[in-house]
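The block underneath contains the structure these notes are about, expressed in structure tokens.
The values are calculated or read from the model by the stated rules, or taken from the named source; none is laboratory data. Owing to the predicted nature of the structure, the values given are computational and were not obtained by experimental measurement. Because the Cβ atoms are built from the backbone with ideal geometry, glycine has one as well, and the counts that use them run over all protein chains shown.
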Amino acid sequence: MVEEQLAPRGIEDQRVLDAMRRVPRHLFVEASAAAYAYEDHPMPIGHGQTISQPYIVALMLQAARIRPEDTVLDVGTGSGYAAAVIAELAGRVVSIERHPELAVAAAGTLAALGYDVEVVTGDGTLGWPPQAPYDAIVAAATGPAVPEAWVDQLRLGGRIVMPVGRPGRAQHLAAFTAETDGTLRETKLGAVAFVPLIGDQGWPAS
Ligand code: SAM
């Protein structure tokens, strides 16, 4: 996966590549799908949700520039896979999921593998104030814009990486950095297709 899908497409951050080598992705999908876990596409994980394509996970985490001492909020726990990769990179990880069943299953997988991730259930568009401020906020669901709560909970110089756009329509992956003047500087990372970020500062549930 790393040699064929990530490095040739420009993932150069050695810490990200090493983290993705270490995390056993096949343990984050149904046992019947384990043989396909390292393939170059997203996969269903139940509740109409997906585990993201490996390359997209790597692209997002490279853009998040996570350092060993960082506190990171992962929005959209899903299977827990991205949270595990983040745990390989960061000092502290909080992962928030709106579906309680997915959160419970992911927390079990992460704990069984020894990953120290605090998995919480709730509306991640409101962030998670108890562990704020965050050095990075990474979201695996597409929103209309950056939720104001994330800006409030981000450290100066912090990064937000998220897809922006309508579900099923044009979306792009964006990396934002909190500048000293209070603004966010955006870098666009290309077109993507994500499930919706549903919540108070996201899209309404349909
Ligand atoms: N990172 C996950 C993984 O590694 O398996 C994949 C995440 S999946 C593409 C997107 C997830 O975001 C879904 O599980 C969905 O339920 C969740 N989600 C959508 N809106 C949310 C919100 N407001 N708060 C928390 N989770 C949300």
Exercise. Taking the range 136-164, which residues are more than 16 Å from Gly190 (Cα to Cα), away from the ligand (no atom under 13 Å from the Cβ) and buried (at least 22 other Cβ atoms within 10 Å of the Cβ)?
Worked result: Ala136, Leu154, Gly158, Arg159
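Within the group Glu97, Glu69, which residue is near the ligand (Cβ under 10 Å from one of its atoms) and charged (D, E, K, R)?
Values: Glu69 fails: near the ligand (Cβ under 10 Å from one of its atoms).
Of Glu97, Glu69, the one residue that is near the ligand (Cβ under 10 Å from one of its atoms) and charged (D, E, K, R) is Glu97.
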Problem set entry | Residue among Ala106, Ala111, Ala87 that is under 19 Å from Thr50 (Cα atoms) and either more than 12 Å from the ligand (Cβ to nearest atom) or in a helix (DSSP H, G or I) (or both) | Ala106
Exercise. Quick check: is even one residue across the range 186-202 farther than 28 Å from Val23 by Cα, touching a strand residue (DSSP E or B) at 6+ places or on another chain (Cβ under 8 Å) and exposed (fewer than 13 other Cβ atoms within 10 Å of the Cβ)?
Worked result: no
Exercise. Is at least one residue of the range 108-115 in contact (Cβ under 8 Å) with a residue 24 or more places away in the chain, aromatic (Phe, Trp, Tyr) and in contact with a Leu (Cβ under 9 Å, 6 or more places away or on another chain)?
Worked result: no
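From the list Pro133, Pro167, which residue is without any contact (Cβ under 8 Å) to a residue 60 or more places away in the chain, surrounded by 14 or more Cβ atoms within 10 Å (Cβ to Cβ) and touching a strand residue (DSSP E or B) at 6+ places or on another chain (Cβ under 9 Å)?
Pro167
Here's a check for you: in the range 34-66, which residue that is without any contact (Cβ under 8 Å) to a residue 24 or more places away in the chain and part of a loop (DSSP other than H, G, I, E, B) is nearest to the ligand (Cβ to nearest atom)?
Here is the first cut: in the range 34-66, the residues without any contact (Cβ under 8 Å) to a residue 24 or more places away in the chain are 34-37, 39, 41-44, 53.
Now narrow it down to the ones that are part of a loop (DSSP other than H, G, I, E, B): 37, 39, 41-42, 53.
Numbers: Ala37: 11, Glu39: 15, His41: 12, Pro42: 7, Gln53: 10 Å.
Per the stated criteria, the residue is Pro42.
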For this session: Starting from the range 6-24, take each residue that is assigned to a loop (DSSP other than H, G, I, E, B) and list its partners that are at pLDDT 95 or above and surrounded by 11 or more Cβ atoms within 10 Å (Cβ to Cβ), counting only C-beta distances under 6 angstrom and pairs at least six apart or across chains.
Result: Ile11/Ala58; Ile11/Gln62; Asp13/Gln62; Val23/Ala84; Val23/Val85
Exercise. So which residues in the range 170-191 are in a strand (DSSP E or B), hydroxyl-bearing (Ser, Thr, Tyr) and touching a residue at least 24 places away in the same chain (Cβ under 8 Å)?
Worked result: Thr187
